[in-house]
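Encoded as structure tokens, the structure appears first; notes follow it.
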Amino acid sequence: MKLPKTPSLSLSGKRAFVAGASRGIGLGCAVALAEQGAHVVCAARGMDQLTEAVQAMAVEGHSAEAVQLDVADPQAVKSLLADHGPFHVVVNSAGIARHATALDTSIDDYQAVMDINVRGAFVLSAEAARGMIKAGVAGSIIHISSQMGHVGGQERAVYCASKHALEGMVKAMAIEWGPHKVRINTICPTFIRTPLAAVTLDDPERRAWVESKIKLGRVGEIEDVMGAVAYLASDASVMVTGTSLLIDGGWTAG
């Protein structure tokens with residue numbers, strides 16, 4: 001009897017790109033891909049922290065380089081992917097939040113969130129896929145979305161709107177690019193202990209509310225997301241596209 005063999009998580013010989021890689025989940029994504037053997041082009045708006053991160057990766061023997069990028073600038077995204085691509089794996093961890101009640105949210109805050117979380121994600125996806133298709137690469141595009149792309153949240157009308165939009169966009173793109181063997185998916189974490197989540201988790205009342213919603217009883221850590229990134233980037237997920245991987249500790253289960 002010939003037994004089936006588990007597909008490899010190895011990314012040896014692959015080139016990966018991670019936007020928002022200077023800290024938090026984005027840095028975790030970059031490390032996860034590098035640990036599996038990929039050369040990782042790490043991008044962020046600020047170069048100081050990004051350079052420090054890439055240097056730390058080099059110390060661990062990882063292959064990585066740093067490039068500056070503002071995902072909210074469509075032309076910058078197009079130029080960077082044209083110059084550095086095509087990639088086998090593209091991860092978008094760039095995102096912002098401007099939390100306030102719907103009645104207190106300004107148009108400027110609304111636009112800032114949409115420019116990065118939706119328009120930026122759209123342009124990055126399209127340009128990444130364009131390069132993959134032209135080069136005949138069976139690639140994987142991964143967006144760090146949120147559990148808030150599946151439910152509502154307090155003081156998060158605009159943030160939820162942006163993540164629900166991202167989820168729908170990914171489904172449509174998966175339909176278009178499937179025939180080219182280009183996959184696109186989202187990872188939807190719950191509250192992860194990062195600088196972005198600090199404003200919520202540092203407030204005892206809000207943290208208690210968060211923990212009461214997470215069935216596993218704790219907030220997430222960056223490491224909780226890293227395995228999911230490696231999986232969706234690799235051949236182990238070759239039949240997975242147009243879907244979301246919820247890493248929410250059971251928040252959206254009910």
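Of note:
- Relative contact order of the range 15-247, pairs being alpha-carbon contacts under 8 Å that are 6 or more residues apart, as %: 20
- Prolate/oblate/rounded label for the range 210-253 (Cα gyration tensor, a/c 1.5): oblate
- Calculated from the structure at hand, Cα extents along the principal axes in Å is found among (i) 54, 39, 35; (ii) 77, 33, 32; (iii) 52, 51, 40 as (iii).
- For the chain, modelled as a GNM whose springs connect Cα atoms under 10 angstrom apart, the maximal fluctuation among SER63, SER140, SER162 occurs at SER63.
- Ordered by the count of other Cβ atoms within 10 Å of each Cβ, fewest first, MET57, MET47, MET114 give MET47, MET114, MET57.
- The range 116-173: C-alpha gyration tensor shape, a/c 1.5 cut-off, then a/b vs b/c: prolate
- Long-range amide H partners of GLY250 with built H, under 5 Å: LYS215
- The slack in the chain from GLU155 to LYS78, taken as 0.36 nm per residue of separation less the alpha-carbon distance, amounts to 24.4 nm.
- Counting only residues at least eight positions apart within a chain, or on another chain, the lysines with an alpha carbon under 29 Å from that of LYS134 are LYS14, LYS78, LYS163, LYS171, LYS181.
- A Förster distance of 25 Å, applied to the separation of the beta-carbon atoms of PHE122 and GLN55, puts the FRET efficiency at 0.20.
Quick note: the coordinates plus some simple rules give every number you see, no bench work behind them. Note that the structure is predicted; figures quoted are calculated from it, not measured. We place every Cβ from the backbone using ideal geometry, glycine too, and count neighbours over all the protein chains shown.
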